[in-house]
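Structure first, then comments.
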Amino acid sequence: MAPLSLQIIFSATIFLLLLTISQSNATLGANYYDQTCPQAEDIIYQAVRNASSYDPKVPARLLRMFFHDCFIRGCDASVLLDSTPGNKAEKDGPPNVSLRAFYVIDDAKTKLEKSCPRTVSCADIVAIAARDVVAMSGGPHWNVLKGRKDGRISRANETINLPAPSFNTSQLIQSFAKRGLGMKDLVALSGGHTLGFSHCSSFEARLHNFSAVHDTDPSLNAVFAESLKKNCPKPNRDSNAGQFLDPTSLVFDNNYYKQIVAGKGVFASDQSLLNDYRTGWIVKAFANDQASFFWEFAASMVKLGNVGVQEDGEVRLNCRAVN
């Protein structure tokens with residue numbers, strides 16, 4: 001745990017960041033529901049905690065859901081909308097077919113509608129749930145800015161704009177920059193992979209016939225590469241086979257960065273961060289200092305949560321369908 005003085009500085013820095021963002025966008029505020037639904041965060045926390053106690057994969061899934069929502073149309077809960085006969089929604093786009101835990105958001109929304117009807121947006125539920133799973137997994141806690149509205153549009157074909165696990169650092173930097181996020185945000189938010197699991201399809205290109213010269217990606221630790229090959233043989237007939245992105249995948253810590261430094265990044269995109277001069281020093285800094293990672297991750301999550309906030313959306317009564 002960080003020393004008390006560092007925790008105080010951390011809290012003050014996050015407070016100033018929250019204040020700055022609140023002033024730049026009057027629709028969001030840390031105390032948005034204090035009068036209209038003061039129990040909102042407690043209700044969401046209970047739903048998330050209950051689900052996580054039954055299924056340890058819930059934290060990683062909810063954190064990933066937040067990323068995938070904000071990166072398409074901004075943080076507007078468009079990822080929650082179900083497909084309709086006339087429209088294939090984001091959740092059914094190729095990068096999102098493995099998203100799970102929508103039922104946790106449904107549970108929280110049902111309870112919120114009973115407690116404070118037509119008040120708390122689905123977008124805010126997703127943002128708060130993402131913070132809660134990080135904190136309950138041992139990571140940092142921050143005040144979530146609230147007051148987002150829910151979007152009415154969700155298109156599967158737009159999910160092609162999500163950063164892919166095969167991206168190199170230049171592609172990642174460009175993708176994050178389009179959302180107003182810098183290189184430090186990129187490296188810090190990639191640390192969300194400390195919670196999570198990937199199916200073989202997302203990284204098996206690194207293991208077999210990688211190039212004309214190398215059968216296996218040479219940036220992979222050789223022993224680690226062999227263990228991945230055992231988990232993901234060719235041909236692979238187990239669609240559920242894969243690899244945890246971090247050996248301590250149930251704990252939010254900085255071990256993800258230590259793995260990258262050791263050549264054990266599962267995704268090509270993760271490993272590329274070490275090998276690029278623009279980001280490698282940040283990876284090493286976070287590997288050496290967990291408190292610094294926690295600090296930057298919380299700040300970057302606040303910034304991410306401010307991407308594409310809806311000015312004219314709605315508060316959905318059911319997170320799976322527009323009103």
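The values are calculated or read from the model by the stated rules, or taken from the named source; none is laboratory data. For clarity, every value in this text was computed on a predicted model and none was experimentally measured. Note that we place each Cβ from the backbone using ideal geometry, even for glycine, and neighbour counts take in every protein chain shown. Ligands, DNA and RNA are stripped out before the accessible areas are found, and what is left, the full protein with its side chains, is counted by its heavy atoms. Shrake-Rupley method; radii C 1.70, N 1.55, O 1.52, S 1.80 Å.
The figures follow:
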read-out	value
Selection within segment 270-286 - modelled with pLDDT of 95 or more and open to solvent by 10 Å² or more (accessible area, probe 1.4 Å)	272, 274, 276, 277, 278, 281, 284, 285
Residue check, residue 303 surrounded by fewer than 17 Cβ atoms within 10 Å (Cβ to Cβ) and at pLDDT 90 or above	no
Residue among 236, 240 that is at pLDDT below 90, under 23 Å from the mean Cα position of the chain (by Cα) and open to solvent by 50 Å² or more (accessible area, probe 1.4 Å)	240
Residue selected from segment 181-203 under the condition open to solvent by 60 Å² or more (accessible area, probe 1.4 Å) and either in the same structural domain as residue 66 (by the TED database) or not basic (Lys, Arg) (or both), by the criterion modelled with the highest pLDDT	183
Exclusive hit being under 15 Å from the mean Cα position of the chain (by Cα) and within 17 Å of residue 132 (Cα to Cα), set 71, 67	67
Residue that is farthest from residue 95 (Cα to Cα) [pool: residues in segment 204-222 that are among the charged types (D, E, K, R) and open to solvent by 50 Å² or more (accessible area, probe 1.4 Å)]	215
Flag for residue 156 being surrounded by fewer than 24 Cβ atoms within 10 Å (Cβ to Cβ), touching a helix residue (DSSP H, G or I) at 6+ places or on another chain (Cβ under 7 Å) and touching a residue at least 24 places away in the same chain (Cβ under 8 Å)	yes
Of all residues in segment 159-172 being of a type in the set (A, V, I, L, M) and not in a helix (DSSP H, G or I), the one that is surrounded by the most Cβ atoms within 10 Å (Cβ to Cβ)	162
Number of positions in segment 309-323 that are among the small types (Gly, Ala, Ser) and surrounded by 20 or more Cβ atoms within 10 Å (Cβ to Cβ)	1
